[in-house]
1. Among the candidates 136, 88, 159, which residue alone is over 16 Å from residue 196 (Cβ atoms) and loosely packed, with under 13 Cβ neighbours inside 10 Å?
2. Going by the structure shown, is residue 196 on the phi > 0 side of the Ramachandran plot and touching a helix residue (DSSP H, G or I) at 6+ places or on another chain (Cβ under 7 Å)?
3. Taking the stretch 69-80, which residues are touching a strand residue (DSSP E or B) at 6+ places or on another chain (Cβ under 6 Å) and in contact (Cβ under 8 Å) with a residue 40 or more places away in the chain?
4. When the residues of the stretch 182-193 are filtered to those that are part of a strand (DSSP E or B) and in contact with a helix residue (DSSP H, G or I) (Cβ under 8 Å, 6 or more places away or on another chain), which remaining residue is surrounded by the most Cβ atoms within 10 Å (Cβ to Cβ)?
């Protein structure tokens with residue numbers, strides 16, 4: 001084959017190669033991310049969420065099975081005097097037992113509110129007596145409280161079987177989360193049992209239950 005013929009064959013090969021279709025390669029990972037972000041921009045989720053309304057406060061806990069024990073607590077006063085104190089439900093149409101302790105901050109904070117509620121109830125025609133029942137383990141703590149408080153006496157359930165039986169009759173725990181309140185009618189039936197401290201907004205519901 002002559003030189004001229006060889007050159008013509010090489011030239012034909014070059015022309016044929018240029019006419020081959022281009023091969024498309026996959027883009028790199030960075031290109032894929034960029035393309036995706038450009039084509040389908042992400043949408044941030046809405047920050048607003050529906051908030052379920054809070055349940056209304058239930059003032060009175062279930063009263064079924066709660067009854068006043070026949071046990072007689074002790075009355076103690078600031079002078080150190082002690083005496084038996086039988087709870088007389090006949091003394092008023094409603095007897096309010098306030099279970100508290102001198103170490104219980106919410107108990108002490110709500111005592112003026114209890115007295116205020118009782119005065120308002122009386123004014124609204126509810127014959128009521130309030131009896132504070134201390135669950136202090138150490139009587140000295142209670143008497144120290146009397147020395148710095150307007151309260152100068154209280155019923156007291158000393159630690160032991162007497163207290164346990166009294167609380168069990170009201171379906172209270174042996175070491176209840178104070179304060180707790182039992183409001184009883186003259187026949188001994190439970191009108192309302194309250195777990196936790198009272199707030200000012202509780203008055204209307206309490207009054208409606210006791211009238």
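1. Working: 136 fails: loosely packed, with under 13 Cβ neighbours inside 10 Å; 159 fails: loosely packed, with under 13 Cβ neighbours inside 10 Å.
After ruling out the rest, the residue left standing is 88.
2. Numbers: on the phi > 0 side of the Ramachandran plot: yes; touching a helix residue (DSSP H, G or I) at 6+ places or on another chain (Cβ under 7 Å): no.
No; evaluated as a whole, the condition is false for this residue.
3. Within the stretch 69-80, the subset touching a strand residue (DSSP E or B) at 6+ places or on another chain (Cβ under 6 Å) is 72-77.
Hits for the stretch 69-80 are 73, 74, 75, 76, 77.
4. At the first step, the residues of the stretch 182-193 found to be part of a strand (DSSP E or B) are 182-185, 190-193.
Then keep just the ones that are in contact with a helix residue (DSSP H, G or I) (Cβ under 8 Å, 6 or more places away or on another chain); that gives 183-185, 191-192.
Details: 183: 21, 184: 24, 185: 14, 191: 17, 192: 18.
Once the filter is applied, the top-ranked residue is 184.
Quick note: the coordinates plus some simple rules give every number you see, no bench work behind them. These numbers were taken from a predicted model, which means no experiment stands behind them. Cβ atoms come from the backbone with ideal geometry, glycine included; neighbour counts cover every protein chain shown.
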